[in-house]
Amino acid sequence: MSPPSQRAFDLPVVTGFGRADFLVSDSNRVAFEWMERWPGWPAPALVLHGPPGSGKTHLAHVWCQKAGATLIAGAAVAGAEPWSLAGPIAVDDMDRAGEEPLLHLYNSCVERGGSLLLTMRAPPAMTAIALADLGSRLRALPTAGIAPPDDALLAAVLVKHFTDRGIRIAPGVIAYLVSRMERSFAAAAVLAGRLDQLALSAGKPVSVKLARAVLAESDD
């Protein structure tokens with residue numbers, strides 16, 4: 001019988017994208033408050049930027065739930081028909097969208113008085129945008145950034161990743177990881193996935209010993 005703190009089977013990871021699932025701290029509070037301010041934005045669109053895994057997609061979901069918006073992946077923008085989309089729109093990972101389709105989507109949204117949320121890795125002012133019309137529009141928009149996590153948020157993010165995987169994790173393991181891991185949201189996701197994988201293979205709970213082994217892998 002597997003230990004009670006570890007899943008018995010390799011079940012699908014269920015990620016919670018609700019407002020109550022979003023972890024607010026000093027590093028993302030301003031961005032979160034921008035989502036809460038809608039529909040009182042000073043412009044028809046807002047750019048949300050931050051490093052990979054920082055919570056941009058989660059915040060996009062939070063905003064979509066609040067605004068009744070349609071969420072479109074950046075890579076899918078080329079196949080979208082702007083005139084067929086009603087209501088607010090969120091484009092997640094805008095960096096992967098084609099510039100011409102994105103400009104058409106932006107113009108269509110503004111012309112019908114809609115709202116648009118765009119997520120990307122860096123603010124438009126620091127991003128190479130070949131299409132001049134698109135670049136000028138994006139650089140004129142208000143932006144909300146997500147900063148690297150502090151200790152408290154990094155710990156909370158780790159707990160959430162483990163919770164999404166159905167794992168109850170001891171506080172001592174979280175403290176051990178936070179004090180030694182790469183300080184990024186993306187690293188937290190990778191660590192949780194790797195520890196889950198090894199714990200399942202060994203039929204043991206996630207422990208400090210296992211965490212030490214996984215961190216040693218990343219040092220090789």
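Readers should treat all values here as calculations from the given coordinates under stated rules, not as data from a laboratory. None of the values given here were measured: they were computed from a predicted structure. Glycine also receives a Cβ, built like all others from the backbone with ideal geometry; neighbour counts cover every protein chain displayed.
Look at the alpha carbon pairs under 8 Å that are at least 6 residues apart: their mean separation over the length of the chain gives a relative contact order of 28 percent.
Treating each Cα of region 28-145 as one equal point scatterer and applying the Debye formula with no solvent, the log10 of I(q)/I(0) at q = 0.14, 0.17 Å⁻¹ comes out as -0.49, -0.75.
Once both labels are positioned 7 Å from their Cα atoms along Cα-to-Cβ, the gap between ALA170 and THR127 label points is 4.4 nm. Orientation-averaged projection of the chain equals 13.5 nm² [convex hull of Cα atoms, one quarter of hull surface area]. Per-residue ellipticity at 222 nm computed for the chain from its helices equals -13000 deg cm²/dmol, with DSSP H segments shorter than 4 residues left out and the rest contributing -39,500 (n - 2.57). Taking Lys and Arg as +1 and Asp and Glu as -1, the other residues whose beta-carbon sits under 15 Å from that of VAL91 total -2.
At an R0 of 35 angstrom, the distance between the Cβ atoms of ALA202 and ALA152 translates into a FRET efficiency of 0.70. Computed from the Cα positions only, the extents of region 149-219 along the three principal axes stand at 32, 27, 20 Å, in decreasing order. P(r) tail, region 96-160: Cα-Cα pairs separated by more than 18 Å, 48% of all pairs. Pick out, from PHE22, GLY98, GLN65, the residue whose Cα sits farthest towards the positive end of the charge dipole of the chain, with +1 on the Cβ of Lys and Arg and -1 on the Cβ of Asp and Glu. Result: PHE22, furthest along the dipole toward the positive end.
Charge tally for ALA147 (other residues, Cβ to Cβ under 15 Å; Lys, Arg +1; Asp, Glu -1): 0.
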